[in-house]
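Everything on this sheet refers to the single structure shown next.
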Amino acid sequence: MISRTNQEFLEYLSRKASISVAFAQILVNRGIKDVDSIKAFLNPSLENLHDPYLMPQMETATERIRIALQRGERVFILGDYDADGITSTALLVSALRKLGLKTYFYIPNRITEGYGVSLKGIQMAKDYGAGLIITADCGISSHDEISMAISSGMDVIITDHHEPPEKLPPAISILNPKRADSTYPFRDLAGVGVAYKLVQALIHDSRLEDLLDLVAIGSIADSVPLTGENRILVTYGLKKLNSMACRSGIKAIKEVAGIGNRELRSGMLSYTIIPRINAAGRLGDANEVVELFLTEDEERAKSIANLLEEQNRLRQKIEAEVYKSALAMLENNDIEKAIVLSSPSWHLGVIGIVASRLVEEFYRPTFLFSIMDSMAKGSARSIPPFHVYKGIAECKELLLGFGGHSQAAGLKLLTKNIPAFRRQINFIIERNLTTDDMLPILKIDADVELFEVNLNLVKELNMLEPFGNSNEEPLLGAKGIEVIDPRVVGNNHLKMRLKQRNLSIDTIGFDMGNLLEEDASGLHLIKSGVHGSQLVDAVFTPCINEWDGGKALQLNLKSLRPTL
């Protein structure tokens, strides 16, 4: 799928913004269509963050916190157990303590307490003598629990970013850019982004750069769109993570992850640091991870980081077992519009990750349930065309509770209602999605000639960082390409050169070696439908391959098809 733009307009943008025509096409296809917008996108600035007081009830929230400071009240932060909730909690605790508030926190146990504001957390806040509770990345669906906290004599401020239910909890302030009455200019903040906006309003500082490392981790972990404010916050947060002045906990977790002095980008963060942060919350108690971000004691930080490393290895083992079990179930059943599977042997802490893997493999909204006697707790992951929270909301008569957003959600129901839920969610998907919606699409950013692909273009593409949801790594397409010397290298990687006219470029297709087969006449890309010397259309991302002290242009292959 390629979006094309008038060539004269692209050349105009190229001249005015001092970029290549190919890069101009990529930006236009991402909705960045004028010179000012291009400059703003490529040069994110903290000065362009929105006024936090544009968020509904922000003034009420900051006034109540100032009253707590005047009274010497204790404040209790109730957070969520994932990376977004953990960083949200650490951010609020750190900022409020610097203001002089006596601030405590609690992260619930995923297995024994579940998602949202927990009754144990409320009781702890009461036992600590707190006058004010602030939630972090949770609370928007915790109506009964918030009511209980208020009846116990505590005020509650909610900071959350999940989809609000029709009936909001009775908190004195609910900070959520997705509220129906919100006119806040950017609705896609992560939970940690909402917490940051509260601190920004409290301290009257548009920068607060010391907290942006936490914002970057939580935002990338929660896969919020890396556009608008999120792009600004994550860009500066990554700078903080990569600085010599990063916090002790970051240094410690970098060490156990074997990162060394390599630059932390969004992709590397997603498969190194974030899984380790999430591991504790998936398997049990995540409170120590908050301490990892708060402590200045290097030995304490190393101790927690080593614990997370052990938990992450255990998580990987458990995840592999659940994934294998889910695949076995699918082998014996026809795959419907939705994948709905359940088992009493599945660990609740990893079913969300396994659901994501199944979505990636089968391109179906996926709902996995861990069964405990009569109760089933589930995690849902979706495909872009299907808003999973809205879909689940249409099944609410079958559910005991649910919450989430467009691409991920949590839900619980009676075990006996799983078959009815399967039927209903399949009906909802069938009604809302077309056959084409159920097919994965490669959206190509620009159709190029190979001569346009050079080291300068790679440098321009790097200006699109950080990559993530809604700002994916760019895909380029080229037609009528000749394949030269295809072979399998390493762990099933397809190695070759792609040639157009007199130019050829080294190309690698990771885990694509199965496209290559040998017959009597030699090696051919038979499984991709390409035979002999037939020309191909290729989709790739250009990159710089650094090897043996040198640098060379390389194409990271994503897809091939015969040229029509």
Do any helices (runs of 4 or more DSSP H) lying entirely in region 222-310 carry at least 1 residues that are more than 19 Å from Phe105 (Cβ to Cβ), and which ones are they? 228-241, 248-256, 266-271, 273-283
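Within region 13-28, track down each residue that is over 17 Å from Ala40 (Cβ atoms) and surrounded by 14 or more Cβ atoms within 10 Å (Cβ to Cβ).
Kept after step one, since they are over 17 Å from Ala40 (Cβ atoms), are these residues of region 13-28: 14-15, 20-22, 25.
Residues satisfying the conditions are Ser14, Ser20, Val21, Ala22, Gln25.
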Please list, ordered by first then second residue, the pairs with beta carbon atoms under 9 Å, 6 or more apart or interchain, first in region 334-346 and under 16 Å from Phe421 (Cα atoms) and assigned by TED's automatic domain parsing to the domain that holds Ala376, second assigned to a loop (DSSP other than H, G, I, E, B) and aromatic (Phe, Trp, Tyr). Ala338/Phe386
Report whether or not Phe369 is in the same structural domain as Ser343 (by TED's automatic domain parsing), touching a residue at least 60 places away in the same chain (Cβ under 8 Å) and among the aromatic types (Phe, Trp, Tyr). no
Odd one out for Glu298, checked against (1) in the same structural domain as Asn109 (by TED's automatic domain parsing); (2) closer than 23 Å to Gly284 by Cα: (2)
Failed criterion for Ala286 (all others in (1) within 14 Å of Ser88 (Cβ to Cβ); (2) modelled with pLDDT of 95 or more hold): (2)
Does region 417-472 hold any residues that are of a type in the set (Val, Ile, Thr), in a loop (DSSP other than H, G, I, E, B) and surrounded by fewer than 17 Cβ atoms within 10 Å (Cβ to Cβ), and which are they? Thr434, Thr435, Ile441
Scan region 74-87 and give yes if some residue there is basic (Lys, Arg), in contact (Cβ under 8 Å) with a residue 60 or more places away in the chain and either assigned to a helix (DSSP H, G or I) or in the same structural domain as Leu211 (by TED's automatic domain parsing) (or both), otherwise no. no
Counting only residues that are within 34 Å of the chain's Cα centre (by Cα) and modelled with pLDDT of 80 or more, which one in region 517-543 is nearest to Val453 (Cα to Cα)? Pro542
Out of the residues in region 108-130 that are at pLDDT 95 or above and among the aliphatic types (A, V, I, L, M), which is farthest from the chain's Cα centre (by Cα)? Ala130
Within region 117-126, how many residues are under 17 Å from Ile86 (Cβ atoms) and crowded, with 24+ Cβ neighbours inside 10 Å? 2
Report yes if Ala61 is assigned to a helix (DSSP H, G or I) and modelled with pLDDT under 95, otherwise no. no
Restricting attention to region 329-350, does a residue exist that is within 18 Å of Pro365 (Cα to Cα) and among the aromatic types (Phe, Trp, Tyr)? no
Just one listed residue, out of Ser37, Ser94, is free of Cβ contacts under 8 Å to residues at least 12 places away in the same chain and not assigned by TED's automatic domain parsing to the domain that holds Met375, and it is Ser37
If Gly477 satisfies all but one of (1) of a type outside the set (A, V, I, L, M, F, W, C); (2) touching a strand residue (DSSP E or B) at 6+ places or on another chain (Cβ under 7 Å); (3) part of a loop (DSSP other than H, G, I, E, B), what's the number of the condition it fails? (3)
Go through region 328-360 and count every residue that is loosely packed, with under 12 Cβ neighbours inside 10 Å and within 23 Å of the chain's Cα centre (by Cα). 0
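Would you check which residues across region 88-112 are part of a loop (DSSP other than H, G, I, E, B), of a type outside the set (D, E, K, R) and on the phi < 0 side of the Ramachandran plot and list them?
Leu101, Ile107, Pro108, Asn109, Ile111, Thr112
Go through region 480-516 and count every residue that is part of a loop (DSSP other than H, G, I, E, B) and over 30 Å from Ile32 (Cβ atoms).
Qualifying residue count, region 480-516: 8.
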Cβ-Cβ below 8 Å, separation at least six or inter-chain, first residue in region 232-247 and under 17 Å from Ile273 (Cβ atoms) and modelled with pLDDT of 95 or more, second surrounded by fewer than 19 Cβ atoms within 10 Å (Cβ to Cβ) and basic (Lys, Arg): which pairs? Leu238/Arg265
Here are some conditions: (1) touching a residue at least 24 places away in the same chain (Cβ under 8 Å); (2) assigned to a loop (DSSP other than H, G, I, E, B); (3) of a type in the set (A, V, I, L, M, F, W, C). Ile32 meets all but one. Which one does it not meet? (1)
Among the residues of region 153-171, write down those that are farther than 17 Å from Ala195 by Cβ and over 21 Å from the mean Cα position of the chain (by Cα). Gly153, Met154, Asp155, Pro165, Glu166, Lys167, Leu168, Pro169, Pro170
May I ask you to verify whether Ser248 is under 30 Å from Glu298 (Cα atoms), in contact with a Lys or Arg (Cβ under 9 Å, 6 or more places away or on another chain) and among the hydroxyl-bearing types (Ser, Thr, Tyr)? yes
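The values are calculated or read from the model by the stated rules, or taken from the named source; none is laboratory data. Since the model is a prediction, treat every value here as computed from it, not as a measurement. So basically every Cβ, Gly included, is an ideal-geometry build from the backbone, and we count neighbours across all protein chains shown.
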